[in-house]
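Below is one structure, written out as structure tokens, with a few remarks after it.
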Amino acid sequence: MEVSYLWSQTMFEVHVSSMSPERFGSVLPPERFEEFERELDEGRRLLDGRVVWNVNSTAQGGGVAELLQSLVPYARGAGADVRWVVIEGTAEFFTLTKRIHNRLHGSPGDGGALDDRARGIYERVMAQNMPQLISRVRPGDVVIVHDPQPAGLIRGLREAGASVIWRCHVGLDRPNDLAREAWRFLLPYFSAADAFVFSRESFVWEGIDFDQVVIIPPTIDVFSPKNIDLDSETVLAVLRATGLLSDRTGPRPATFVRHDGTPGRVDRPTELFGTGAVPSDVPVVVQISRWDVLKDPHGVIRGFAEFVPESTGAHLVYAGPAVAAVADDPEGLEVLRQSVALWERLPDEQKRRVHLASLPMDDPAENATIVNALQ
């Protein structure tokens, strides 16, 4: 996937190739696929002459970017003019939006305030990004704004004549005061949207008109390199090629098929921070996530080290993305450093069974294949 800057360094468009949604005919029952085709026809009719813009805060790393890497190409392949732009912000802005993200999960995060100063930081970055987006969006276009980071763009987009949908991918079944504090901070921004999309009914925030809400459960793309079936020899070849297995020899090259059907090969190494590669003949416990306090890497490492006996022969692989590649997560590097420090304090017999892996992110399809092989 090519990434290029269109207007300025403030905001950029992610260029992705189109893919035909007809391929789903091979995995859907005939009656469901016929319904799917009718929905595509209706979508083309409704969107004729309009551009659908997706706006988020990172081109790779995390669920939203992965979602858009599939949905945008399929929509384009169906004949809709769908585009994806990424806002940029200061380090101070992303520290704030990470704080908001943690609060939305009911966690204090860095403990910082959501006060007038925080609002000033947030609104300055929105003001810097707004002109570039407004210069492209036309009246009648549809803009899907993803998560809190770009929510401050919604009102200006509405005033420019666009129809705006705010899609919130963050959810909490039982909100607490910390989550409600974040809701109050974001209310002046997201409330201007025409419609709201949540992943579960229980995630819908208090005070939102339910008539404006659509529930879209999380989904996966069965044709993504992360989700396709891999035979055991390919799994071993991929893990050897990226350096996760200590056995680096094998009869098979680490090749894979990209989303668009073109071939690819795993070449880039996984960084292991001195924890060493995994023997190829041991059972493995795996967690794959961002380097995020909410994912509790320290709890996973301690739990494995203290409660999985050495007699099982099992090893733990805790894998996350290369932190520099995830632009909107400033805490990632610190969480990774703390995880490495925790590993260094483990007794030697536990240390050799715990492996911290930072997976390469230069090629999203290569990264997805490595994740697939690990899983």
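What to note about this one:
- Within region 179-202, tally of residues that are assigned to a loop (DSSP other than H, G, I, E, B) and either out of contact with any Gly (no Cβ under 7 Å at 6 or more places or on another chain) or surrounded by 16 or more Cβ atoms within 10 Å (Cβ to Cβ) (or both): 5
- Of all residues in region 300-308, none satisfies being touching a residue at least 40 places away in the same chain (Cβ under 8 Å), within 24 Å of Val85 (Cβ to Cβ), part of a helix (DSSP H, G or I) and open to solvent by less than 10 Å² (accessible area, probe 1.4 Å).
- The lone criterion from (1) touching a Gly at 6+ places or on another chain (Cβ under 8 Å); (2) outside any helix (DSSP H, G or I) left unmet by Ala365 is number (2).
- When residues in region 196-212 are screened for being under 22 Å from the mean Cα position of the chain (by Cα) and within 18 Å of Val143 (Cα to Cα), 3 of them pass.
- Checked against the criteria, Ala241 does not count as aliphatic (A, V, I, L, M), open to solvent by less than 20 Å² (accessible area, probe 1.4 Å) and modelled with pLDDT of 90 or more.
- Every residue from region 1-34 that is farther than 21 Å from Leu67 by Cβ, open to solvent by less than 70 Å² (accessible area, probe 1.4 Å), at pLDDT 85 or above and not in a loop (DSSP other than H, G, I, E, B): Gly25, Phe33
- Screening Ala341, Ala314, Ala368, Ala373 for residues that are closer than 19 Å to Arg265 by Cα, over 18 Å from the mean Cα position of the chain (by Cα) and either open to solvent by less than 20 Å² (accessible area, probe 1.4 Å) or not polar (S, T, N, Q) (or both) leaves exactly one candidate, Ala373.
- Looking across Ser202, Ser224, one residue alone is among the hydroxyl-bearing types (Ser, Thr, Tyr), at pLDDT below 95 and under 30 Å from Glu366 (Cβ atoms). It is Ser224.
- Which listed residue is out of contact with any His (no Cβ under 6 Å at 6 or more places or on another chain), part of a loop (DSSP other than H, G, I, E, B), without any contact (Cβ under 8 Å) to a residue 40 or more places away in the chain and crowded, with 19+ Cβ neighbours inside 10 Å, from Trp166, Trp205: Trp205
- Within the option set Arg83, Arg103, being touching a residue at least 12 places away in the same chain (Cβ under 8 Å), part of a strand (DSSP E or B) and either of a type in the set (D, E, K, R) or surrounded by 15 or more Cβ atoms within 10 Å (Cβ to Cβ) (or both) holds for one residue only, Arg83.
- Residue within region 169-178 that is out of contact with any Pro (no Cβ under 6 Å at 6 or more places or on another chain), in a loop (DSSP other than H, G, I, E, B), more than 23 Å from Asn102 (Cα to Cα) and without any contact (Cβ under 8 Å) to a residue 40 or more places away in the chain present: no
- Qualifying positions in region 136-161 - of a type in the set (A, V, I, L, M), free of Cβ contacts under 8 Å to residues at least 40 places away in the same chain and in a loop (DSSP other than H, G, I, E, B): Ala160
The values are calculated or read from the model by the stated rules, or taken from the named source; none is laboratory data. On a predicted model such as this, the values are computed, not experimentally measured, just so you know. Don't worry about glycine lacking a Cβ; one is built from the backbone with ideal geometry, like all the others, and counts go over all protein chains shown. To get the accessible areas, we keep the full protein, side chains included, count just its heavy atoms, and leave off ligands, DNA and RNA. Shrake-Rupley method; radii C 1.70, N 1.55, O 1.52, S 1.80 Å.
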